[in-house]
Amino acid sequence: MTPGASAYPHLLRPLDLGHLTLRNRVVMGSMHTKLEDRARDIDKLAAYLGARAEGGVGLMVTGGYAPSWRGWLLPFGSSMVRAAQARRHRTVTDAVHEHDGAILLQLLHAGRYAYHPFAQGASREKSPITPFRPSALSTREVGRTVDDFARSARLAQRAGYDGVEIMGSEGYLVNQMLTARTNDRTDEWGGSAAARMRFPLEIVRRTRELVGDDFVVQYRMSLLDLVPDGQSWAETVDLAHGLVEAGVTLLNTGIGWHESRIPTIVTSVPRAAFTWVTARLRQEVDVPVIASNRINRPEVAEEILAAGEADLVSMARPLLADADWVRKTEQGREAEIIPCIACNQACLDHTFDNKRATCILNPRSAHETELVLSPTRSARRVAVVGAGPAGLACAVELAGRGHTVELFEAAERVGGQFRLAAQIPGKEEFRQAIAYYEHMLGVRGVRVHLGMRVVASDLEGFDEVVVATGVAPRVPDIEGIDHPSVLTYPEAIREPDRAGRRVAVIGAGGIGFDVSRALLHEPDETVDEWRERWGVADPWEERAGLGDKEHPPVPREVHLVQRKTSRHGTGLGKTSGWVHRTELRDAGVGFVGGAEYVRIDDDGLHLTLPVEGGDKGERRPYVLAVDTVVLCAGQESVTDLVEPLAALGVPVHVVGGADVAAELDAKRAIAQATELAARL
Ligand code: NAP
């Protein structure tokens, strides 16, 4: 037995489903990459999923496919409604089966979450997160929709899928039919919990009838709706019993509707934060249940299974991050797993922006056929200067291709801006990213020089030099900027104790939000502390798991100041910005907008602010009486090496923040560095 296998006996144990044996307990959860939407991307989708099958995943679930055009998530989005589509999907199922994987097609009817004017819902109520008011399905249309699900499942079977997953959670149509919140029907599909439940039960029953016994019918249940008037626990359990009777093979877990105001997967949600509720469901049913949400490491997955909380674990983003997650686990190479830091920046934020999903730490993900890092045929000596995200990614990938790489870093440790991020409460996962790169530098044989600030002449003799020297914090031109009360953001993050009790943060970008959080909260929150802060109750105590929030006491008064008059944090990630805003609001942060900075002195930060209801341009003076002012006013590129190197005739490549600081952005930095590594 390999070292990894012995460390993860529960995770790597096969599961016999009767007609199909899964090779381990790892489920790749459904995640829309956008490769699902266009017929011409099918080969890319097959390459993406095939790579995960080759990497050893036990059971995979595709992104969502609508069972009818009215159920599309987006106009002309993915669907499984025609025989021609099923034939095309053979490419996908063959790619997975070639590597002994198993794959389910997810059937998702968007209901009122559809982003098109033909949306249909349980009733006419518009969702708070989409612009389109749905029409209410007529009684006949509900019956037809049940048939649509079953027919799509049959097509999936013809396409070679091992089964389907019926998407019954996250607030999509099936979930909408289940709750009084969204189902006010007076026909046989509404009016009581039992009537509302008929929809998913009929879908499963009809599907099972059409596909026979030797086909997986997995159902993704909403265990915690986390919205007012969501399901009670008794209803959830009744539904589970009904689903088992109707013929489901496996029950997967869904947590929270998309419109819920409680985060369920962002990085500040502690790992495995919801397995307690899956464990409770497992006691109720005799089919295997799958735990999900914020499970990213083999040891976390093993612990869940060893504790008997679930039979399988679902991971979507972690398997997007690393196709070889399972293989590395089996071989005892867990430290080589490209970690999912749950940042959402390149995956879900892309999906919600209608762009192809990938991974911040692995830009090859979902681009397997386009960004290829093949062994080099002309190995060169490459110097990489700067060990932030861009420099680390570049060094690791260049060395992986067979180049001889030396990495120079002025600080005593690698990580750059990631090391700052890792110190922010709720961003602890960034530690994993640094640990991964540190480990890979060793695995790939990169020679690392720490505490060394190089000058151009040190780099003579290298065939190529990559300048990844990053950024320096911008110091705005404000009178009194040298006042002892002023800290830069790296100073405030590294030594929060230097900040007094009353703080003004200048600049409300991602870093201003992060710094505010660091001044108010403690890192490494436990699941219980997190649940209290967000009011996540036991669903058997409170309907839908909605309890009261308990805000922990905060040590400081923080004012987050910006010149813009728009809402604070509009530039933050789509899927995470609202979480940051809520956290700061809950911690009592004052949001000050429309400011013009006048000066900083012993009295604090002097501003002028627009006069509410006053004439255009009319302003009033205002003093924020604070002990500390923290500068989070963006960054400037550090490029001092570029010209001297060019003068020496050394081929220079500039990547990351050193190239563009305006949008200092790890996603762009790592993608740019990886693309360079693929080219050199
Ligand atoms: P940023 O987003 O550019 O924000 C800096 C803010 O400082 C600006 O919004 C601007 O706001 C203000 N500012 C700029 N120049 C100024 C000046 N001369 N004087 C006073 N104020 C000035 O930069 P950041 O906060 O450093 O974040 C950089 C990047 O890091 C982000 O774009 C993001 O990619 C990444 N990041 C994201 C997150 C996250 O999403 N949670 C967290 C950390 C970092 P006003 O003009 O309105 O005053």
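The values are calculated or read from the model by the stated rules, or taken from the named source; none is laboratory data. Quick caveat, the model's predicted, so the values are computed rather than measured. All Cβ positions, even for glycine, are placed from backbone atoms using ideal geometry, and neighbour counts span all protein chains on display. SASA here: full protein model, heavy atoms, side chains in, ligands and nucleic acids out. Shrake-Rupley method; radii C 1.70, N 1.55, O 1.52, S 1.80 Å.
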Across segment 620-648, the tally of residues that are more than 16 Å from the ligand (Cβ to nearest atom), under 15 Å from Asp659 (Cβ atoms) and in contact with a Leu (Cβ under 7 Å, 6 or more places away or on another chain) stands at 1
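Determine whether segment 468-477 contains at least one residue that is within 34 Å of the chain's Cα centre (by Cα) and without any contact (Cβ under 8 Å) to a residue 60 or more places away in the chain.
Going residue by residue through segment 468-477, those that are within 34 Å of the chain's Cα centre (by Cα) are 468-476.
From what's left, without any contact (Cβ under 8 Å) to a residue 60 or more places away in the chain: none.
No - not one qualifying residue is present in segment 468-477.
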Quick one: how many residues across segment 401-412 are under 25 Å from Ala321 (Cβ atoms) and assigned to a loop (DSSP other than H, G, I, E, B)? 4
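Would you confirm, using the coordinates I've provided, whether Pro117 is out of contact with any Pro (no Cβ under 6 Å at 6 or more places or on another chain) and surrounded by fewer than 19 Cβ atoms within 10 Å (Cβ to Cβ)?
On the way: out of contact with any Pro (no Cβ under 6 Å at 6 or more places or on another chain): yes; surrounded by fewer than 19 Cβ atoms within 10 Å (Cβ to Cβ): yes.
Yes.
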Could you look through segment 451-466, keep only residues that are surrounded by fewer than 19 Cβ atoms within 10 Å (Cβ to Cβ) and among the acidic types (Asp, Glu), and pick out the one that is nearest to the ligand (Cβ to nearest atom)? Asp458
For the subset of segment 143-185 comprising residues that are β-branched (Val, Ile, Thr) and not in a helix (DSSP H, G or I), which member is surrounded by the most Cβ atoms within 10 Å (Cβ to Cβ)? Val164
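Select the helices (runs of 4 or more DSSP H) contained entirely in segment 311-400, then report the ones holding at least 1 residues which are under 23 Å from Ile255 (Cβ atoms) and open to solvent by 30 Å² or more (accessible area, probe 1.4 Å). So that I can check it myself, show each step before the final result.
On the way: elements: 317-321, 325-330, 348-352, 389-400.
Once the helices (runs of 4 or more DSSP H) in segment 311-400 are filtered for at least 1 residues that are under 23 Å from Ile255 (Cβ atoms) and open to solvent by 30 Å² or more (accessible area, probe 1.4 Å), what remains is 348-352.
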Note on Leu22: of the conditions (1) under 24 Å from Glu368 (Cα atoms); (2) at pLDDT 95 or above, unmet is (1)
Candidates Glu428, Glu412 - the one that is away from the ligand (no atom under 16 Å from the Cβ) and surrounded by fewer than 24 Cβ atoms within 10 Å (Cβ to Cβ): Glu412
In segment 560-592, what residues are of a type in the set (Gly, Ala, Ser), within 9 Å of the ligand (Cβ to nearest atom), crowded, with 16+ Cβ neighbours inside 10 Å and touching a residue at least 60 places away in the same chain (Cβ under 8 Å)? Gly569, Gly573, Ser576
